[in-house]
């Protein structure tokens, strides 16, 4: 399970996370690099990335245990 809090405040490429990145409810613009997109799209990309990291971590742990 991925915690969705703050996922639409962080740009997944440069990693900059700030409240100021959310210009409006719908608009995301990274205060660090200037990237702009719809906030829901940015949030969805972050949830996907975090989910993949979680699955990879579980898989690695399982491999180390011989499972």
Exercise. Taking neighbour counts of Cβ atoms within 10 Å as a proxy for exposure, in what order, fewest first, do 2, 42 appear?
Worked result: 2, 42
Seminar exercise, completed: When 8, 56 are arranged by how many other beta-carbons sit within 10 Å of their Cβ, fewest first, they go 56, 8
Exercise. Got a sec? How would 35, 11 order by Cβ neighbour count within 10 Å, fewest to most?
Worked result: 35, 11
For this session: Evaluate the relative contact order of segment 7-64 (contact order divided by residue number), counting alpha-carbon pairs under 8 angstrom at least 6 apart; express in whole percent.
Result: 31 percent
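Read-outs: derived from the displayed coordinates by stated rules, not from any lab. Everything numeric here is computed off the predicted structure, so don't read it as measured data. Counting neighbours? That spans all protein chains shown, and the Cβs are built from the backbone with ideal geometry, glycine included.
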